[in-house]
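One structure is given below, encoded as structure tokens.
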Amino acid sequence: MQPSIFKLPGIGPKTSQKLAKLGIFTDIDLLNHIPTRYIDFSHTTTISTADLNQNLTITGKINSFNNIYTRYGKNIQKAIVSDTTGKISLIWFNQPYLAQSLKVGDTYKFAGKISEYQGAKTIIAPQFGDHNTGKIIPIYPETHGLSSKWFRKIISQNISQLLPQIIENLPNSIIKKYKLMPLDLAYSEVHLPTKEKLLQKARQRLAIQELLSLQSYSLIQKQKWSLNQPLHTLKISPSISQKIKKLIDSLPFKLTTSQVKVWHQTLKDLVNPDTPGNRLIQGDVGSGKTIIALLATYFTSLNKFLTIYLAPTEILAKQHYQTFNSILTKHPQIRIKLLTSSNKITDKDLKNTDILICTHAVLFRSSTLAQKIGLLIIDEQHKFGVKQRSRLTDPLHPPHTITMTATPIPRTISLTYLGNLSLSTIDQLPSGRLPVKTFLVPNSKKSQCYQWIKTEIKKNHVQSYIVCPFIEESDINLEVKAATQEFEFLSQNIFPDLKLALIHGKTKNSQDLIEKFKNKKIDILVTTPIIEVGIDIPNSTIMIIQSAERFGLAQLHQLRGRVGRGSTQSYCYLFTQSIDPKTLNRLKFFQQHPSGSDIAEYDLSLRGPGEIFSELQHGHPSLKLADLQNSQLIETSQQILKDITRQNPKFNLSQLLNPHLSKQLKISSLTSLAQN
Ligand code: ADP
Ligand code: MG
């Protein structure tokens with residue numbers, strides 16, 4: 001842990017240890033210890049005019065003070081206080097030491113909410129003392145031994161020493177244009193509020209400060225990234241251009257307008273000799289991201305460089321491997337290899353590869369590869385850990401990089417956290433796709449549903465997935481056991497005349513089973529949620545999700561995305577025994593909304609961005625003031641940043657990094673999507 005350095009008097013070693021628990025090591029950290037809420041005690045009144053249930057402050061003389069011990073070993077402190085207009089009782093619990101601070105006969109200010117107790121006007125647990133009464137008082141995040149009271153006292157006693165340490169970091173013109181409160185004043189007002197209105201302005205200024213800090217961090221990363229040259233330069237010659245056109249023409253389908261747009265954006269990155277591309281391709285499940293990856297890969301291999309295509313699961317890697325082989329079947333000179341933990345290849349083989357499709361098993365072979373990589377593609381990036389990709393590439397000479405995700409990232413989040421990435425969106429599904437019909441199936445309708453599926457499979461020769469419950473704590477043994485039982489039950493009792501297979505985390509021959517399923521030798525694939533991402537078997541048009549309530553909305557959407565991948569009407573059945581109205585509402589929303597972006601937005605409103613994008617926030621302390629759903633604030637800070645850099649292209653962005661934030665950023669930078 002870092003040593004504490006306080007210039008303030010009165011913070012000894014014991015206190016600094018306690019402060020360290022709250023992440024406070026310096027005076028500036030102390031100023032950045034932002035109150036979570038406030039109570040307004042600024043209304044002062046006489047005792048007789050003090051209204052019930054109002055927060056207010058009175059001034060009165062202590063007539064009596066008693067420590068009362070109750071039968072249960074608790075104790076109560078009771079004081080009677082009066083002014084010229086009347087009397088009031090004050091009650092505290094378990095604070096016998098109060099007798100030392102409150103002297104009978106002396107006059108104090110007391111603040112709190114007036115209630116009626118045993119027939120008398122009473123304030124329960126009133127605050128007293130100058131820092132805690134007669135004004136708006138801040139409530140701080142506390143730790144054992146450091147109460148809000150303590151923070152109020154230390155900050156108000158030292159404010160004149162603390163504020164000069166705050167240096168305004170925005171140009172005057174910007175402060176004027178956006179009517180911002182000066183930074184030192186904002187800190188003062190946040191800790192020692194004078195007026196509600198000013199407090200709001202102060203919090204707005206500091207919220208903008210937080211956002212500017214994140215956004216400039218992204219920008220700095222982007223600038224750093226653009227100073228690099230790509231590890232290898234790729235070129236588009238007329239002959240290469242011709243070959244790509246030919247490949248596109250040979251595809252079994254016509255690219256959607258959106259795919260064409262995204263492909264051109266991607267290609268532009270790849271041929272830029274000055275800067276390595278760093279692009280995130282978003283597109284709903286089934287929108288056709290793989291083909292963009294394939295074109296980029298083909299282009300890279302025509303340039304005689306290696307592409308690494310990283311997939312989150314072995315099943316998915318194998319599927320991509322097959323897709324690539326079949327689409328590039330007329331190009332045997334392009335050597336496509338598969339590397340997973342169960343499909344190991346030799347160093348020599350690795351050296352003779354143009355396209356390496358792999359799982360994270362590749363990370364252990366990075367030394368053999370690093371120099372050859374022209375392009376790195378990461379599929380379903382949200383499935384990868386933060387640190388993994390940095391092991392693969394040299395931060396000083398990164399290859400072109402493409403990440404792909406089906407989880408739509410709200411604009412506010414991408415502006416704040418991902419400003420260093422170029423963003424492409426495939427916002428269109430291939431034509432002829434029908435929205436998946438989704439139904440909530442209560443227990444009583446289960447067998448009816450099974451019957452319907454049986455008929456449908458026999459009549460229309462379609463196939464089905466049945467996803468077994470997700471087991472919390474991801475205990476794989478439990479999950480396997482539950483899935484095995486369910487599989488036996490379904491094969492014996494429900495579908496004895498159909499062919500079923502089971503895949504779970506411990507299935508050894510899952511590749512074979514997937515293969516058989518693909519070749520229609522299996523009617524129903526019973527599986528644990530391991531098929532969640534990427535699997536593409538268009539003839540499978542029915543999806544049952546058991547105990548649907550256990551899945552998050554994004555996961556449900558991914559699962560549902562396994563069907564509806566062709567032009568046949570597909571169906572998704574959500575089994576649930578839940579009767580909790582909140583859960584049912586969530587599932588009903590899912591039932592009524594086929595689009596991933598609607599679902600993401602709803603999810604965001606339910607859970608908040610912190611939880612969903614925790615990965616992106618890695619290394620950032622959570623935001624204290626700014627609300628990531630407040631798009632207006634985010635746009636404003638974005639605009640401010642633009643204005644600043646336009647006015648002065650040489651403006652040193654690092655001065656916008658919140659000192660509190662920047663300290664953390666040094667320890668661990670934002671590496672999930674933003675390459676470092
Ligand atoms: P995702 O974006 O979820 O990764 P995929 O790339 O797996 O989607 O594509 C889903 C399915 O759609 C695949 O079977 C693919 O062959 C098919 N596909 C992709 N692009 C088109 C298109 N333009 N027209 C018709 N089908 C397409
Ligand atoms: Mg995919």
Please indicate, with yes or no, whether at least one residue in the stretch 194-205 is in contact with a helix residue (DSSP H, G or I) (Cβ under 8 Å, 6 or more places away or on another chain), crowded, with 16+ Cβ neighbours inside 10 Å, modelled with pLDDT under 90 and more than 30 Å from residue 308 (Cβ to Cβ).
no
Being outside the structural domain of residue 531 (by TED's automatic domain parsing), crowded, with 22+ Cβ neighbours inside 10 Å, modelled with pLDDT of 95 or more and in contact with a strand residue (DSSP E or B) (Cβ under 7 Å, 6 or more places away or on another chain) narrows it down to one residue among 357, 378, 281, 373; which is it?
357
Residue in the stretch 91-102 that is in contact with a Lys or Arg (Cβ under 9 Å, 6 or more places away or on another chain) and among the aliphatic types (A, V, I, L, M) present
yes
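Rundown of residues vs (1) in contact with a strand residue (DSSP E or B) (Cβ under 8 Å, 6 or more places away or on another chain); (2) without any contact (Cβ under 8 Å) to a residue 12 or more places away in the chain; (3) polar (S, T, N, Q); (4) closer than 23 Å to residue 607 by Cβ, yes/no style:
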{"residue": "408", "(1), (2), (3), (4)": "yes, no, no, yes"}
{"residue": "413", "(1), (2), (3), (4)": "no, no, no, yes"}
{"residue": "432", "(1), (2), (3), (4)": "no, no, no, no"}
{"residue": "452", "(1), (2), (3), (4)": "no, yes, no, no"}
{"residue": "463", "(1), (2), (3), (4)": "yes, no, yes, no"}
{"residue": "479", "(1), (2), (3), (4)": "no, no, no, no"}
{"residue": "490", "(1), (2), (3), (4)": "yes, no, no, no"}
{"residue": "494", "(1), (2), (3), (4)": "no, no, no, no"}
Which residue out of 113, 103, 87 is more than 46 Å from the chain's Cα centre (by Cα) and in a strand (DSSP E or B)?
87
Residue identified as in contact (Cβ under 8 Å) with a residue 40 or more places away in the chain and in contact with an Asp or Glu (Cβ under 8 Å, 6 or more places away or on another chain) among 60, 86
60
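So for the stretch 56-65 (the condition being among the aliphatic types (A, V, I, L, M) and under 16 Å from residue 150 (Cα atoms)), does at least one residue qualify?
no
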When only residues in the stretch 544-553 that are part of a helix (DSSP H, G or I) and crowded, with 19+ Cβ neighbours inside 10 Å count, which is nearest to ligand 1 (Cβ to nearest atom)?
553
Can you tell me which of 326, 366 is away from ligand 2 (no atom under 14 Å from the Cβ) and in contact (Cβ under 8 Å) with a residue 12 or more places away in the chain?
366
Could we say that residue 333 is within 14 Å of ligand 2 (Cβ to nearest atom), within 24 Å of residue 250 (Cα to Cα), of a type outside the set (Ser, Thr, Tyr) and surrounded by fewer than 21 Cβ atoms within 10 Å (Cβ to Cβ) here?
no
Over the stretch 1-30, the set of residues farther than 21 Å from residue 163 by Cβ and of a type in the set (A, V, I, L, M) is 1, 20
Looking only at the stretch 519-535, count every residue that is surrounded by 19 or more Cβ atoms within 10 Å (Cβ to Cβ) and more than 22 Å from the chain's Cα centre (by Cα) and tell me the total.
9
Residues in the stretch 577-597: is at least one within 15 Å of ligand 2 (Cβ to nearest atom), under 20 Å from residue 427 (Cβ atoms) and outside any helix (DSSP H, G or I)?
no
Looking at (1) surrounded by fewer than 18 Cβ atoms within 10 Å (Cβ to Cβ); (2) not in a helix (DSSP H, G or I), which is the only condition residue 541 fails?
(1)
Taking the stretch 484-533 as the search range and keeping residues that are within 16 Å of ligand 1 (Cβ to nearest atom) and either assigned by TED's automatic domain parsing to the domain that holds residue 317 or of a type in the set (Lys, Arg) (or both), which one is farthest from residue 457 (Cα to Cα)?
518
Hydrophobic (A, V, I, L, M, F, W, C), within 16 Å of ligand 2 (Cβ to nearest atom) and either free of Cβ contacts under 8 Å to residues at least 60 places away in the same chain or more than 28 Å from residue 228 (Cα to Cα) (or both), is that true of residue 294?
yes
Looking at the structure I just gave you, is residue 165 surrounded by fewer than 22 Cβ atoms within 10 Å (Cβ to Cβ), within 29 Å of residue 76 (Cβ to Cβ) and either in contact with a His (Cβ under 7 Å, 6 or more places away or on another chain) or among the polar types (S, T, N, Q) (or both)?
no
Is it true that some residue in the stretch 382-402 is of a type in the set (Val, Ile, Thr), in the same structural domain as residue 316 (by TED's automatic domain parsing) and either touching a Gly at 6+ places or on another chain (Cβ under 7 Å) or at pLDDT 75 or above (or both)?
yes
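The values are calculated or read from the model by the stated rules, or taken from the named source; none is laboratory data. Quick caveat: nothing in here was measured; it's all calculated off a predicted structure. Here Cβ is always computed from backbone atoms with ideal geometry, including for glycine, and neighbour counts include all displayed protein chains.
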